[in-house]
Every structure is written in structure tokens, then in C-alpha cells.
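Everything below concerns the one structure shown next.
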Amino acid sequence: MDFSENNVRNYITTKLRSINVNANVKKMLNYFMRMKEINPNFFYAINIDDDYKFSYALWLDIRCRASYEYYRDVVSFDTTYRTNKHGLPFASFVSVNHYGKSTLLSCALLRNEKIPSFEWVFTQWVKCMGTAPQGIITDKCKTMFGAIRKALSHTHHR
């Protein structure tokens, strides 16, 4: 089940309150909704599987979108493998600005590093940004390569 800013509030108030979803996922959803109220340009998407377990989440704010407008030629996508207390891979989209400094474009949490996880993140990211980058740089993860080939078919992958 995918949740975005349009349908999450109703679902949280009815379904997630009555089932045993991880309390941290509820806190994250509440944070995303609060940020959306503060800034209508805040974007988030979250996926919870049929067993109501966390799958993936992606979020970014207006500064990330604005940075992408200027620095979308080449984007770096990287995951930090299970270094947070929940053991979830954390992913970031980063670009380089005209000063040579790294610029954060988006963040994501994944349940695992399999092709469907990466495909979901890339698809949601392009949906939010409106267009895929011209180039993307990743590590040598074969599952990322497969997901990029499918979800970002016109993007050059290095």
C-alpha cells in the first residue's frame, strides 16, 4: 500500500490506529503530515506491505526540489547499509552545486536492497521531481543497476 500526502491522513486515522503498526512508522507518518501542513511543497511517499509492515519511504522539501531544478544533470544515489538503530538501509540523492559542494536532493528508507525497493524509490522520486536526471552515479550494486535500467531507462548510469 502506497501512502502519499493525498491519502495518508484518512488511512492513519482509521486503519493504522487500530492495528499494530510499528510506533516509529506512525511517528514518521505524523512527522511527514506535520511538515506537509507547515510547507505544502514538502513531498513524501511511504509504502506499507499487506501485513502492515514498513517497506519504503521517500521524502524531500522545497529546497531539495529547487536544487534539483539547477543541478539535475548528474545525481549520486547511495545507500548506507543498515547503520541506523532499525537496521534499514538509508538512501540519499545528492548532486553538486556550482560551488562544488554536495547538495541533498532527497532521502529514503528501505526495507532491503532488492530491485523492487530501488524501483519504488526511483519511481516515486521521478514522480515528485517531474523528470529523471540525465545521469546517475551509484556504487556497483547489481540490484541498483537493474532498478535503474527499468525505472530510469533514459538515464545514463555510471
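Residues that are of a type in the set (S, T, N, Q) and not in a helix (DSSP H, G or I) were ranked within region 120-147; the one that is surrounded by the most Cβ atoms within 10 Å (Cβ to Cβ) is THR138. Taking strands (runs of 3 or more DSSP E) as the structural unit, those lying wholly within region 21-100 and holding at least 3 residues that are within 13 Å of the chain's Cα centre (by Cα) and outside the structural domain of ILE148 (by TED's automatic domain parsing) correspond to 43-48, 54-60. Please enumerate the residues belonging to region 101-116 that are of a type outside the set (A, V, I, L, M, F, W, C) and either within 14 Å of LEU152 (Cα to Cα) or part of a strand (DSSP E or B) (or both). Listed by number, the residues that qualify are SER102, THR103, SER106, PRO116.
Out of curiosity, is ILE115 free of Cβ contacts under 8 Å to residues at least 60 places away in the same chain, more than 24 Å from PHE42 (Cβ to Cβ) and of a type in the set (Val, Ile, Thr)? Yes.
Of all residues in region 114-147, those that are touching a helix residue (DSSP H, G or I) at 6+ places or on another chain (Cβ under 6 Å) and over 21 Å from SER102 (Cα atoms) total 9. Screening SER117, SER106 for residues that are over 20 Å from TYR68 (Cβ atoms), modelled with pLDDT of 90 or more and either surrounded by 19 or more Cβ atoms within 10 Å (Cβ to Cβ) or touching an Asp or Glu at 6+ places or on another chain (Cβ under 7 Å) (or both) leaves exactly one candidate, SER117.
The values are calculated or read from the model by the stated rules, or taken from the named source; none is laboratory data. Model, not experiment: these values are computed from the prediction. A quick note on method: Cβ atoms are made from the backbone with ideal geometry, for glycine too, and the neighbour counts reach across all protein chains shown.
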